[in-house]
Amino acid sequence: MRERIDGVVGLMPREPGVYIMKGEDGQIIYIGKAKVLRGRVQQYFRPQANDGRRQFRALVRSVRDLEYIVTDTELEALILEANLIKTHKPRYNISLKDDKKYPYIRITKERFPRIVVTREVVKDGSRYLGPYTDVKAMRRMLETMHRLFRIRSCHYDLPKANVRVCLDYEIKRCDGPCEGLIVAEAYQKIVDEAVLFLTGRHRQVMTVLEERMNRAATALKYEEAAIYRDRIRALEQAASRQKVVSNDLTDWDAIAIAREDDEACGVVMEVRDGRLIGRQNYFIGGVLDASEEEVVSAFVQLFYATATFVPKEICLPCDIEDRETVLDWLSERAKAGVEIRLPQRGDKFRLMKMAENNARLLLAERRLKRENRRSQAPAAVLSLQRDLRMEKAPRWIEAVDISNIQGADSVASLVCFVDGRARKREYRHFKITGIEGPNDFAMMQQVVTRRFKRLMEEGKSFPDLLLVDGGKGQLSSAVEALQALGIADQPVVGLAKRLEEVFLPGLSNAQNIPKTSSSLKLLQMLRDESHRFAIAYHRKLLQKRTLTSELDDIPGVGPSRRKALLKHFGSVKRVREAAVEDVAQVNGVSLKLATAICEGLRGGKMDRGLNGLRGLRG
């Protein structure tokens with residue numbers, strides 16, 4: 001495998017492009033860009049390369065194949081890398097962890113545009129603002145916008161016949177474009193003002209409104225001038241609630257990163273006209289071994305790849321990799337020159353520290369929520385605690401089931417559920433010994449004794465609840481086994497299959513648990529899983545014993561010849577169906593012995609063995 005990869009690397013050109021690393025089954029596990037493809041990829045496979053980086057070593061060990069795409073420039077490679085990462089989400093790339101789609105504000109491309117919220121970006125000529133990670137703040141801003149600017153909220157494709165003004169017109173929230181009460185050009189000016197407001201350019205909006213108010217007043221249109229006056233006052237009131245962070249009236253963003261283990265949080269403070277208009281935050285994964293420069297560079301690319309606006313200035317806590325290439329890409333997206341600054345003092349430095357503090361708090365809050373989710377029991381477990389009147393929520397439940405055919409080949413299974421989910425590494429099988437006949441009660445007592453005695457010897461904790469498959473008899477046997485071991489406070493419950501009745505020790509009547517209760521469904525899942533596990537093991541033992549005896553009963557067939565026959569034909573069934581001449585082809589089998597084998601196997605013994613499988617019961 002290594003020789004093949006070295007061969008691919010040796011054929012790579014010394015040109016810019018994107019390299020794609022694949023793991024098992026051709027799955028893409030890492031995508032990177034390079035100014036010189038061959039030189040960059042060779043660094044991964046040099047001896048002792050980046051020994052201190054666990055994630056790097058894991059990546060190199062996982063590589064099974066390499067591909068590359070040559071581009072004309074580094075900028076094209078950066079754009080292609082970003083698109084491929086967004087599409088494939090490779091395991092070892094730094095990536096945004098938020099899978100949900102954040103909303104955008106959409107300004108529709110219509111004769112009378114609407115301003116609506118959407119989570120889908122469609123190339124239909126509409127303009128989009130966002131995405132917005134703080135959905136509540138976005139909706140508050142839209143509500144304010146609708147109070148200030150008379151943008152229609154209806155969904156009609158205007159102009160349209162037989163449409164009448166609605167309540168919005170009556171309360172002066174709309175100028176009635178549906179009935180032609182405002183021309184498209186005048187309406188478009190209102191939309192432009194609303195967009196300036198939504199993008200934080202309050203100063204520009206107020207300048208436009210003041211000019212229109214003065215023109216209306218000069219023309220003695222006092223009612224129209226009063227409308228503009230009221231809009232200006234409302235806009236001033238809305239702007240006063242936004243924090244002034246700088247005397248610099250340009251548009252700029254301050255970005256900061258907080259990290260912990262394999263996770264980071266990136267926060268973007270958006271400043272427009274010197275006012276802080278919003279905060280965007282994203283959680284980032286795959287940063288365990290990455291340097292600060294790598295993380296900041298990756299976040300800048302991930303954030304502005306989906307952002308609908310790129311400011312002229314971006315303040316960062318440190319310099320980034322491929323600075324010039326990233327700047328070219330940002331300038332192309334902004335359709336104007338973009339600068340990256342590293343402030344060390346002043347307003348921009350203080351805002352960046354505020355962003356860093358926000359990032360740390362958001363990361364700590366996320367970790368706390370995750371820990372709370374892990375520590376909180378699921379609803380079904382809490383429901384079971386309530387229905388069984390238990391002091392402690394049964395988060396660790398073990399279930400026992402017995403399987404045999406009239407007492408033969410008796411086995412038992414033990415399955416484990418933690419927080420309502422199967423924990424298969426804790427599953428156990430038991431072979432019942434020393435019990436003659438179909439005595440389920442004695443078998444249950446033996447299994448419970450063996451299980452809890454083992455837990456006591458190993459110093460392990462007992463389960464929060466033990467579920468016994470059966471009614472009062474099986475439950476009493478389990479309780480007797482626990483008492484014999486000196487265990488008096490182990491919660492145990494029995495589930496009888498016929499009527500799905502739940503029994504508790506010391507109570508003669510079944511518990512009144514509704515059939516639709518999630519607690520009963522959880523017990524049924526445990527019982528069914530333990531039954532499945534026991535049946536599977538029982539069938540495996542029975543089949544092994546039955547198939548083995550078929551060949552062992554034939555004189556002249558010992559362990560070595562039996563192994564050779566099964567290896568050659570694959571199963572006893574195929575040996576039975578084979579011709580004598582074919583059986584004689586097996587190494588060590590003469591024609592006489594082959595005849596005896598075929599006659600022995602076709603005597604009906606196999607049928608009796610397999611018919612026994614159909615008699616399994618739990």
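Yes/no matrix, rows are residues, columns are (1) part of a helix (DSSP H, G or I); (2) assigned by TED's automatic domain parsing to the domain that holds Glu15:
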residue	(1), (2)
Leu66	no, yes
Ile69	no, yes
Ala77	yes, yes
Glu81	yes, yes
Ile85	yes, yes
Tyr102	no, no
### Query
Regarding Phe309, is this residue surrounded by fewer than 20 Cβ atoms within 10 Å (Cβ to Cβ) and of a type in the set (Phe, Trp, Tyr)?
yes
### Task
Look through the range 2-34, keep the residues that are over 14 Å from Glu67 (Cβ atoms) and at pLDDT below 90, and return whichever of them is surrounded by the most Cβ atoms within 10 Å (Cβ to Cβ).
Asp6
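Out of the residues in the range 383-421 that are more than 24 Å from Met443 (Cα to Cα) and under 25 Å from the mean Cα position of the chain (by Cα), state the one that is surrounded by the fewest Cβ atoms within 10 Å (Cβ to Cβ).
So, considering only residues that are more than 24 Å from Met443 (Cα to Cα) and under 25 Å from the mean Cα position of the chain (by Cα), the one surrounded by the fewest Cβ atoms within 10 Å (Cβ to Cβ) is Arg421.
Working only within the range 166-190, note down all residues that are part of a helix (DSSP H, G or I), under 21 Å from Asp230 (Cα atoms) and free of Cβ contacts under 8 Å to residues at least 24 places away in the same chain.
Those that are part of a helix (DSSP H, G or I), under 21 Å from Asp230 (Cα atoms) and free of Cβ contacts under 8 Å to residues at least 24 places away in the same chain: Leu167, Asp168, Tyr169, Glu170, Ala186, Lys189.
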### Query
Within the bounds of the range 519-538, is there any residue that is under 24 Å from Arg423 (Cα atoms), over 36 Å from the mean Cα position of the chain (by Cα) and either of a type in the set (A, V, I, L, M) or at pLDDT below 90 (or both)?
yes
### Task
From Gln55, Gln48, Gln42, grab the single residue that is of a type outside the set (Lys, Arg), modelled with pLDDT under 90 and on the phi > 0 side of the Ramachandran plot.
Gln48
### Message
Could you go through the range 406-413 and let me know if any residue there is in the same structural domain as Ser476 (by TED's automatic domain parsing), among the hydroxyl-bearing types (Ser, Thr, Tyr) and touching a Lys or Arg at 6+ places or on another chain (Cβ under 8 Å).
### Response
yes
### Query
Quick one: would you say Glu293 is outside any loop (DSSP other than H, G, I, E, B), farther than 21 Å from Thr133 by Cα and in contact with a Cys (Cβ under 9 Å, 6 or more places away or on another chain)?
yes
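Quick check, is Arg450 out of contact with any Cys (no Cβ under 8 Å at 6 or more places or on another chain), under 15 Å from Ala481 (Cα atoms), among the basic types (Lys, Arg) and surrounded by 13 or more Cβ atoms within 10 Å (Cβ to Cβ)?
Values: out of contact with any Cys (no Cβ under 8 Å at 6 or more places or on another chain): yes; under 15 Å from Ala481 (Cα atoms): yes; among the basic types (Lys, Arg): yes; surrounded by 13 or more Cβ atoms within 10 Å (Cβ to Cβ): yes.
Yes, satisfied.
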### Message
Of everything in the range 472-502, what is over 20 Å from Arg451 (Cβ atoms) and either loosely packed, with under 15 Cβ neighbours inside 10 Å or out of contact with any Phe, Trp or Tyr (no Cβ under 6 Å at 6 or more places or on another chain) (or both)? Give them in sequence order.
### Response
Ala496, Lys497, Arg498, Leu499, Glu500, Glu501, Val502
### Query
From Leu522, Leu541, Leu504, Leu526, which residue is outside the structural domain of Asp387 (by TED's automatic domain parsing) and touching a residue at least 60 places away in the same chain (Cβ under 8 Å)?
Leu541
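The values are calculated or read from the model by the stated rules, or taken from the named source; none is laboratory data. Everything numeric here is computed off the predicted structure, so don't read it as measured data. All Cβ positions, even for glycine, are placed from backbone atoms using ideal geometry, and neighbour counts span all protein chains on display.
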